[in-house]
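Taken together, the values in this text are just the output of simple stated rules run on the coordinates, not laboratory data. Only a predicted model underlies this, so the values are computations on that prediction, with no experimental measurement involved. A quick note on method: Cβ atoms are made from the backbone with ideal geometry, for glycine too, and the neighbour counts reach across all protein chains shown.
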């Protein structure tokens, strides 16, 4: 199957340690997924107490002797970071392991994912509201 993907945070830097990625099958009625791919480098740069300690230890245990661990729509990889092309390779592997063959990945737009997944819509609406409030507050304070 051909898949469209959208990286909501747009991989703002060349190398990342954790990214969300939305995917949609070529059939417009296909289910959409919100996948999060995280490297162990994400945990290494953070205070362990910021994360649920059980999750941290579970991830490290499951990656002790393998390259990746899939837990539902979360994929943890045994690398310190990844590039966008590596992210897409991990995404293809996630699809294959979930029994959804991937012939190709095509970059999509946020609009193609709207009204197809409640979680994506809720997140994007909350994010837009947060950005609007931030800029509204900054505009008000800069005009004072």
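Tabulated data
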quantity	calculated
Gyration tensor verdict on region 65-116 (Cα atoms; rounded if a/c is under 1.5, prolate if a/b is larger than b/c, oblate otherwise)	prolate
Zone of residue 67's modelled label, taken as backbone nitrogen in region 97-121 under 18 Å from a point 7 Å along Cα→Cβ	97-103
Peptide ranges 16-26, 123-133 listed from the most packed, as the mean C-beta count within 10 angstrom indicates	16-26, 123-133
Whole-number percent relative contact order across region 47-119, with pairs defined as alpha carbons under 8 Å at least 6 apart	14 percent
Exposure proxy ranking, count of Cβ atoms within 10 Å, fewest first, for 134, 33, 76	134, 33, 76
Anisotropy class of region 34-130 from Cα gyration tensor, a/c 1.5 cut	oblate
